[in-house]
1. Want the number for L352 to I310: 0.36 nm per residue separation, take away the alpha-carbon distance, what's left?
2. Taking K and R as +1 and D and E as -1, what net charge do the other residues with C-beta under 15 Å from the C-beta of F351 add up to?
3. Please give the residues of region 295-314, grouped as numeric ranges, whose backbone N is less than 13 Å from a label point set 7 Å along the Cα-to-Cβ vector of L331.
4. For a 25 Å ceiling on Cα separation, which of these pairs sit above it: K213/K262; K194/K233; K205/K233?
5. Label N216 and M143 with points 7 Å out from Cα along Cα→Cβ: what is the distance between them in nm?
6. How do 337-349, 135-147 rank on mean C-beta neighbours within 10 Å, highest first?
7. Taking 0.36 nm per intervening residue step and subtracting the Cα-Cα distance, what contour gain separates F341 from K231 on full extension?
Amino acid sequence: MKIKKHSIRLVNYFRHFVYLSLWLTLPSLLLGTTISVNSASAADDMVAANLNNELITDQTTTTTSLADTKRVFTAADLKPKVESTPGQKQLIAQNADSDTNDLNKIRQELLVEPLIKAKIVKPKPTYAPGLSFVGTSAFAANMGDAFMGATGATAGTRGDRLRDIDGSMGLGVGLGNSQKTVGLELAYNIGSIKRFGSNGSFDLKAHRIVYAKGTNQVAVAAGWRAFAQYKTKASREPLRPSTAYGAVTTYSLLKPNDPVNKMPISFSLGVGGGDFRQGDDSTGVFTGVGVQVHPQVGVGLGWSGVGLNIGASFIPVPTLPLTITAQGADLTGNSTGGTVFALSIGYGFNFLPK
């Protein structure tokens with residue numbers, strides 16, 4: 001009986017011990033569990049805080065790589081709560097501009113100059129042969145234009161061939177502008193090469209382009225031949241008759257689309273006295289036509305007011321304004337000296353700076 005009572009007491013003591021132990025250890029378990037949960041939550045907050053700090057650091061640190069800038073924007077998109085301040089946004093924009101400038105600088109540094117540099121050469125201007133073989137043309141020199149030439153001629157069919165073989169020279173200059181206002185051409189003629197300087201004359205011509213449209217141009221001119229002249233005792237030639245004249249000339253392209261020869265054609269018509277008339281007539285009419293049959297060759301014929309003239313003009317070098325002209329004058333034999341064959345060489349240029 002006593003043993004049973006002691007057993008019951010031992011069980012009761014053990015039960016109380018268990019209850020007491022549970023009562024003592026439960027708060028510790030609860031506290032430990034709470035601390036563990038709180039620690040995990042705090043760790044998450046620290047990771048988030050560290051990530052936020054990294055984002056802010058990445059956004060405020062000057063970068064030199066375009067990829068780093070893109071990574072910052074990607075991370076910022078993952079954390080919408082992290083907002084950049086206006087100063088940070090400005091710095092990011094400056095970094096982007098800096099990256100672009102750096103890339104451009106690298107491109108420039110990587111450029112390699114070619115061993116052979118291409119040189120742009122402007123094509124040289126080409127010149128056309130003359131198309132006027134009688135009288136005079138209404139197209140003439142403008143400001144800066146200058147010309148010079150020499151002509152050698154046979155004796156007339158009615159003269160002393162040995163004594164009358166001679167030549168002449170001439171030079172001239174242009175003033176004004178025939179397209180905008182009026183062009184003015186002044187020329188000086190040396191009447192004899194054999195007796196050089198024994199006689200000479202001056203010519204004057206005012207000209208104006210009155211029509212220019214498409215492939216056609218029309219010019220008019222008024223001139224005064226031998227408005228001043230001189231003669232010495234050594235000269236065997238008479239004074240030239242001083243005379244005024246007027247002329248109109250057209251210039252057109254027969255084949256404007258032809259890349260080789262556009263085939264210009266020129267017509268002239270005029271009236272004047274002096275050398276443009278026969279015998280005792282006060283005035284005479286002169287007319288002519290010339291056509292460019294090749295880029296370097298022009299041919300033509302016409303009536304000089306006295307007789308029939310036929311000629312050909314040739315440009316030896318297309319880029320050189322040197323013209324050679326061969327002409328038969330007064331083939332009809334109406335003048336006092338009769339038919340004359342002449343060969344001329346002329347050179348024209350513009351002396352104004354380009």
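1. Length difference between fully extended and current span is 11.7 nm.
2. -1
3. Answer for region 295-314: 299-304, 307-312.
4. Going by Cα-Cα distance, K205/K233 fall outside the 25 Å limit.
5. Distance between label points: 3.0 nm.
6. Highest-to-lowest ranking by the protection proxy: 135-147, 337-349.
7. So the chain would gain 37.1 nm between F341 and K231.
Values in this text are rule-based calculations from the coordinates and carry no lab data. What you see is a predicted model; the values in this text were computed from it and never measured. Don't worry about glycine lacking a Cβ; one is built from the backbone with ideal geometry, like all the others, and counts go over all protein chains shown.
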